[in-house]
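Let me begin by presenting the structure, written as structure tokens, before commenting on it.
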Amino acid sequence: MPVKAIAMPFSFAAAIDSSSLIDPPRLETGVRLAICDSLSLATVVLLNDLGASALESQNRKPDPSLMLLMSFKGGLSMRRALFIAVLVLNVAPMGVGQKQSARGSHRTSVEEAIRKLDNERIQAQIHADATALDRIYAADFIGVGPSGTVRTKPQVILDFTSGDLKFQSITTDDVQVRVYGNTAVETGRSTMHGQDKGQTVPRDTRFTRVWVKQQGRWRLVANHYSSQITRQ
């Protein structure tokens, strides 16, 4: 029987006729398995004793390159252990990488959704859009303005629609969103031009907003502003 040699990338080593590694009737006595790993390439050589004997009977020497390969004798348990080890070493990192990639994609998706919702909220405030405000704010929302005024969701909608609270412009920067499962915390700076019951709203503020996913939708549950004082 001729000598068989197979060369392939290490990541595919587990694909070597796995049925013959775990099916005793198909095993020939004294099969030698050698694996040499150089950088990312492994050379796998299977030598059958019958083939080796045939070479010896014909006074033919094995290919010198084969003599450079490491080889060892082992029973079925050793072959199974090797097969499982190769499989784990190649499949496990792939699974971990896929999970990390999925988490990263989910986090990015949530961050984008929160930023988009916050922009919609700002436009709803500027245009006193009660429908949009009702959709974005949670039923138990609580907000603290830069002057210390506390408002619930009904109070926010009433103040905007009545004109007691109005903004001409609102811009944000240095925005960061951190995601914790179904909760997201948004922080940043805000520059506002508006009036709260006739009083000018502090222009430069820092904010912290808490968003919670409820019934498949992100809603704002808390909003806190702090006046940003410029130190001389």
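So the values come out like this:
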item: Val144 vs. criteria aliphatic (A, V, I, L, M), free of Cβ contacts under 8 Å to residues at least 12 places away in the same chain and out of contact with any helix residue (DSSP H, G or I) (no Cβ under 9 Å at 6 or more places or on another chain); result: no
item: Only one of Thr187, Thr191, Thr172, Thr200 that is farther than 20 Å from Thr152 by Cβ and at pLDDT below 95; result: Thr200
item: Hits in region 193-215 - residues which are outside any strand (DSSP E or B) and either in contact (Cβ under 8 Å) with a residue 12 or more places away in the chain or within 18 Å of Ile122 (Cβ to Cβ) (or both); result: Lys197, Val201, Pro202, Arg203
item: Residue that is surrounded by fewer than 17 Cβ atoms within 10 Å (Cβ to Cβ) and closer than 17 Å to Val150 by Cα, where the choices are Gln195, Gln214; result: Gln195
item: Output for region 158-190, where each listed residue is acidic (Asp, Glu) and touching a residue at least 40 places away in the same chain (Cβ under 8 Å); result: Glu186
item: Any hit, region 115-122, residues being modelled with pLDDT of 95 or more and among the polar types (S, T, N, Q); result: yes
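The values are calculated or read from the model by the stated rules, or taken from the named source; none is laboratory data. All figures in this text were calculated on a predicted structure; none of them were measured in a lab. Cβ: placed from backbone, ideal geometry, glycine included. Neighbour counts: every protein chain shown.
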